[in-house]
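Asks: Sharing a structure below in structure tokens format, with a few things to ask.
What follows draws every value from the coordinates through simple rules; no lab data is involved. In this text, all values refer to a predicted model and were calculated from it rather than measured experimentally. Cβ coordinates were reconstructed from backbone atoms using ideal geometry, including for glycine residues, and neighbour counts include every protein chain displayed.
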Amino acid sequence: AAENGLDGWLRYASLSCTGQCRSKLPANIVVLNATETSPIYIAGSELQIGLKSIYGSHAEITWGKCKASSSVVVGTVEQYRETCGSLSGIPELEEDGFWLSTQGDKVRILGSNDRGALYGAFEYLSMLAQGNFSAVAYASNPSAPIRWVNQWDNMDGSIERGYGGPSIFFKDGAIVEDLSRVKQYGRLLASVRINAVVINNVNANATLLTPENLKGLGRIADVFRPYGVKIGISLNFASPETLGGLDTYDPLDTSVIDWWSSVTEQLYQNVPDMAGYLVKADSEGEPGPAVYNRTLSQGANLFAKALQPYGGIVMFRAFVYNQLNESNWDADRAKAAVDFFKPLDGEFEENVVVQIKFGPIDFQVREPTSPLFANLFNTSSAIELEVTQEYLGQQSHLVYLPPLWKTVLDFDLRVDHKPSLVRDIITGKRFNRKLGGSAAVVNVGTNTTWLGSHLSMSNLYGYGRLAWNAADDPEAILQDWIRLTFGLDPTVLKTLTQLSMESWPAYENYSGNLGIQTLTDILYTHYGPNPQSQDGNGWGQWTRADSTSIGMDRTVSNGTGYSGQYPDEIAAIYEDISTTPDDLLLWFHHVNYTHRLHSGKTIIQHFYDAHYSGAESAQSFLTQWESLKGKVDEERYNHIRHRLDYQTGHSIVWRDAINNFYHNLSGIPDTSKRVGHH
Ligand code: GCU
């Protein structure tokens with residue numbers, strides 16, 4: 001494999017093979033399905049490339065014939081039984097699950113289906129690439145069927161909130177000719193068990209549905225298929241009018257229903273295994289059912305019914321809210337999702353999944369868990385995360401995100417006073433739903449690093465791992481990624497672990513802490529400090545900061561009533577300032593700058609101190625990285641050094657901008673005499 005970013009964590013970098021190692025490398029690869037378009041075929045060739053590239057070991061591929069001696073066998077459980085004979089001790093596997101057993105140079109990788117077999121092959125290769133030859137025998141099953149990524153790619157090739165260059169899918173209104181990057185993306189996604197990509201922006205353009213582009217979608221799906229990755233598309237609700245020439249897009253109008261059925265049929269002619277649709281409706285200026293006084297569920301069901309004959313799914317976004325007036329003390333955008341969707345629970349078709357951002361606002365550096373997860377019992381749901389670092393430094397800052405995501409995935413909402421972890425709600429376990437899972441906005445582009453920064457790839461890797469098993473540990477996931485990406489040097493491992501694990505807390509410290517949100521510019525760029533942009537507009541992400549006090553009062557007793565959207569036990573914690581955790585204090589309460597936190601510090605002194613300590617951490621990232629010179633290849637060493645150097649400077653810009661802003665506003669001195677003492 002090439003020494004560039006395109007391979008991401010699938011570099012198969014060379015390792016020395018000493019001692020017992022040789023005897024543990026299989027001399028043969030038995031591939032139980034010889035169809036070239038099958039993921040099992042890909043599994044066979046990945047195994048061959050990996051063994052060669054990591055250990056310089058050549059393994060012969062045998063198609064469809066079992067070999068008893070030194071071999072790795074890859075196929076489905078069923079194929080194995082047909083070809084190689086009986087099997088015992090393998091538990092029932094879920095869809096896409098696999099069984100992996102390694103006994104010296106005898107390895108069996110058996111999927112419940114073709115896709116599972118490929119996942120198992122990547123698991124074994126991950127062990128090999130980490131020098132791990134232990135004897136294992138276990139089944140691995142996904143915790144949920146929906147493990148999707150979203151791309152916000154526009155038809156002209158630009159990407160909304162993308163920081164890794166232009167689209168790998170689109171250019172000048174059409175699907176690109178050369179799909180080699182699409183193939184490589186499919187490979188990366190398959191290796192972390194992602195099974196579908198929605199390839200165009202949620203702010204969708206109807207021209208994706210022209211006959212020419214439908215053919216292009218077919219080509220993309222053909223490239224992804226051998227990796228077990230399906231495609232889905234985002235739809236624009238008004239398409240029947242803007243593209244179809246009808247005079248309405250009312251979801252209950254028969255001409256509209258017929259139009260969507262016919263489009264769906266044409267889509268499935270080109271993409272017979274299309275995963276489904278993603279729909280953003282009645283949100284941020286996008287058209288939707290409200291235009292015709294129809295409900296969001298009537299809107300979602302229009303697509304659900306069109307998809308039912310083909311087994312497709314509608315991911316329907318819960319990100320729906322209106323502009324608000326800040327002079328109303330009880331106006332609160334955070335309440336919007338529950339207000340809109342709770343009354344519709346049970347009214348969605350079975351193949352609709354409501355896709356819910358992890359917090360009630362918009363991918364901020366810290367948010368409480370979206371209360372909508374605790375308000376839908378008869379509707380399937382999925383969590384929406386962002387790998388692309390929209391509000392979180394846009395890939396110019398290192399921010400390892402899985403620890404942030406875990407604050408929500410592991411959160412216990414205590415529905416009916418019973419354990420109700422978000423990760424058990426989205427997998428369908430808690431409320432007995434068949435569908436569910438996760439989606440992440442990724443936004444890779446044509447940049448050779450994919451996301452715009454080598455280090456950001458830990459977030460894509462981590463997302464895939466958590467989508468498969470949300471109970472997994474972020475630090476363990478990170479360390480697998482580090483070894484696969486940078487090799488086995490213990491100093492590199494230790495340093496990169498430390499840096500990455502400190503990165504989200506550091507970013508929170510030098511941007512917006514205590515639950516006040518990111519404090520970045522929210523009007524346009526979503527980049528860099530701009531605390532004043534949070535207030536005095538209709539976006540409803542207010543801080544309500546004035547010269548004496550700050551924070552949103554979201555209590556039932558005196559505020560917006562948002563805390564009452566949680567189940568009783570959780571509502572009680574947030575309603576009471578003494579039980580609200582410090583890190584969400586300003587999310588739930590409006591207090592004086594001199595209010596004391598549980599830590600004993602005042603709000604304002606916490607702001608000052610956190611901004612200094614966050615910026616100091618960022619500065620240490622650079623020096624820690626520099627200690628690795630010579631241990632990482634020069635291209636990546638320099639690229640990362642440059643990024644961290646920038647982050648060091650920008651964290652100081654953040655620190656001073658935020659501290660000066662609140663110092664000027666409050667007039668309260670910094671007890672350590674730093675702020676305002678230049
Ligand atoms: C954010 C983002 C937009 C995006 C929107 C969404 O507000 O800034 O670019 O369209 O989320 O998720 O729909």
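Asks: Ranked from highest to lowest mean number of other Cβ atoms within 10 Å per residue, what is the order of the peptides 456-464, 263-271?
Replies: 456-464, 263-271
Asks: Nearest 10 degrees is fine. How inclined is helix 180-191 to the longest principal axis of the chain, computing both from alpha carbons?
Replies: Helix 180-191 sits at roughly 90 degrees to that axis.
Asks: Name the residue farthest towards the positive end of the dipole of region 348-451 from the options F431, P360, L376, assuming +1 on Cβ of Lys and Arg, -1 on Cβ of Asp and Glu, about the Cα centre.
Replies: Result: F431, furthest along the dipole toward the positive end.
Asks: For region 146-480, what is the Kirkwood hydrodynamic radius in Å, using each pair of distinct C-alpha atoms?
Replies: Answer for region 146-480: a Kirkwood hydrodynamic radius of 20.1 Å.
Asks: If each of E626 and S14 carries a label point 7 Å out from its Cα toward its Cβ, how far apart are those two points in nm?
Replies: Rounded to a tenth, the inter-label distance reads 3.2 nm.
Asks: Sorting R596, R554, R433 on the 10 Å Cβ count, fewest up front, what's the list?
Replies: R596, R433, R554
Asks: Can you tell me the relative contact order of region 5-140? Whole percent, Cα pairs under 8 Å, sequence separation 6 or more.
Replies: So the answer I get is 26 percent.
Asks: Now, a different point. From the alpha carbon gyration tensor of region 163-322, can you work out the equivalent ellipsoid semi-axes (sqrt of 5 times each eigenvalue) and give them in Å, largest to smallest?
Replies: Taking √(5λ) for each Cα gyration eigenvalue gives 27, 16, 15 Å.
Asks: How large is ³J(HN,Hα) for each residue in region 652-665, as worked out from phi by the Karplus curve 6.51 cos²θ - 1.76 cosθ + 1.60 (θ = phi - 60°), to whole Hz, x for Gly and Pro?
Replies: 6, 4, 4, 3, 6, 4, 6, 4, 5, 4, 6, 5, 5, 5
Asks: D for region 155-216, whole µm²/s, Stokes-Einstein with Kirkwood Rh over alpha-carbon pairs at 20 °C and 1.002 mPa s: what number?
Replies: Estimated via Stokes-Einstein, D reaches 170 µm²/s.
Asks: Something else now. Take every Cα pair under 8 Å in the chain that's 6+ residues apart, average their separations, divide by the length, and report that relative contact order as a whole percent.
Replies: With pairs under 8 Å counted, the relative contact order is 11 percent.
Asks: Taking the chain as the reference, fit the longest principal axis to its C-alpha atoms, fit the long axis of helix 114-129 to the helix C-alpha atoms, and give the angle between the two in degrees, 0 to 90, nearest 10.
Replies: That helix lies at roughly 80 degrees to the long axis.
Asks: Which distance in Å, rounded to a whole number, links the C-alpha centroids of region 170-206 and region 253-272?
Replies: If we compute the Cα centre of each part, the gap is 22 Å.
Asks: For the chain, give me the percentage of DSSP beta bridges that are antiparallel, rounded to the nearest 5 percent.
Replies: 30 percent
Asks: Here is a follow-up. Rounded to the nearest 20 Debye, what is the dipole magnitude of region 140-210 about its Cα centre when Lys and Arg each give +1 and Asp and Glu each give -1 at the C-beta?
Replies: That gives region 140-210 a dipole magnitude of about 420 debye.
Asks: Sticking with this one: Rounded to whole Å and sorted largest first, list the principal axis extents of the Cα atoms in region 595-660.
Replies: 50, 22, 11
Asks: At 0.36 nm per residue, and after removing the present C-alpha to C-alpha distance, how many nm does the segment from T242 to T446 gain when stretched out fully?
Replies: Full-extension gain reported as 70.4 nm.
Asks: What list do you get for I159, I426 if you sort them by fewest beta carbons within 10 Å?
Replies: I159, I426
Asks: Under a point-charge model restricted to the Cβ atoms of Lys and Arg (+1) and Asp and Glu (-1), what is the dipole moment magnitude of the chain relative to its Cα centre, in debye to the nearest 20?
Replies: 1960 debye
Asks: Continuing with this model, one more query. Along its three principal axes, how long is the chain when you only count alpha carbons? Whole Å, largest extent first please.
Replies: Principal axes ranked by extent give 77, 67, 51 Å for the Cα atoms.
Asks: Which pairs, out of K215/K406; K406/K629; K171/K280, put more than 29 Å between their alpha-carbon atoms?
Replies: K215/K406; K406/K629
Asks: What dipole magnitude, in Debye to the nearest 20, does region 500-600 give about its Cα centre under +1 on Lys/Arg Cβ and -1 on Asp/Glu Cβ?
Replies: 220 debye
Asks: Rounded to the nearest 0.05, what FRET efficiency do E326 and E60 give with R0 = 60 Å and r taken as the Cβ-Cβ distance? Could you check?
Replies: Computed FRET efficiency for E326 and E60 comes out at 0.30.
Asks: Further, regarding this structure: Using a Förster radius of 25 Å, what is the FRET efficiency between R544 and H598 based on their Cβ-Cβ separation? Nearest 0.05, please.
Replies: Efficiency computed from Cβ-Cβ geometry: 0.70.
Asks: Of the DSSP beta bridges with both residues in region 146-480, give the percent that are antiparallel, rounding to the nearest 5.
Replies: Of those bridges, close to 10 percent are antiparallel.
Asks: Separate question: Report the convex hull volume per residue for region 5-140, counting only C-alpha atoms, in Å³.
Replies: Cα-based convex hull of region 5-140, divided per residue, equals 101 Å³.
Asks: Under the definition of Cα pairs under 8 Å and six or more residues apart, what whole-number percent is the relative contact order of region 369-426?
Replies: Relative contact order comes out at 35 percent.
Asks: Run the helix sum for the chain: -39,500 (n - 2.57) per DSSP H stretch of 4+ residues, divided by residue count, reported at 222 nm to the nearest 500 deg cm²/dmol.
Replies: Mean residue ellipticity, 222 nm, calculated: -11000 deg cm²/dmol.
Asks: While we're on this one: For K673, go through the lysines and keep the ones whose alpha-carbon is under 26 Å away, minus same-chain ones fewer than eight residues off.
Replies: Qualifying lysines at Cα under 26 Å: K601.
Asks: Quick one: angle between helix 254-270 and the longest Cα principal axis of the chain, in degrees between 0 and 90, rounded to 10, please.
Replies: So the inclination is approximately 40 degrees.
Asks: Sorted from fewest to most neighbouring beta carbons within 10 Å, what does the list L644, L246 look like?
Replies: L246, L644
Asks: Something else about it: Extension gain A27-D410, at 0.36 nm per residue separation less the Cα-Cα distance, in nm?
Replies: So the chain would gain 133.6 nm between A27 and D410.
Asks: For region 360-431, what percent of Cα pairs sit more than 14 Å apart?
Replies: 60 percent
Asks: If you take every DSSP beta bridge whose two residues both sit in region 333-474, what share of them, in percent to the nearest 5, is antiparallel?
Replies: 10 percent
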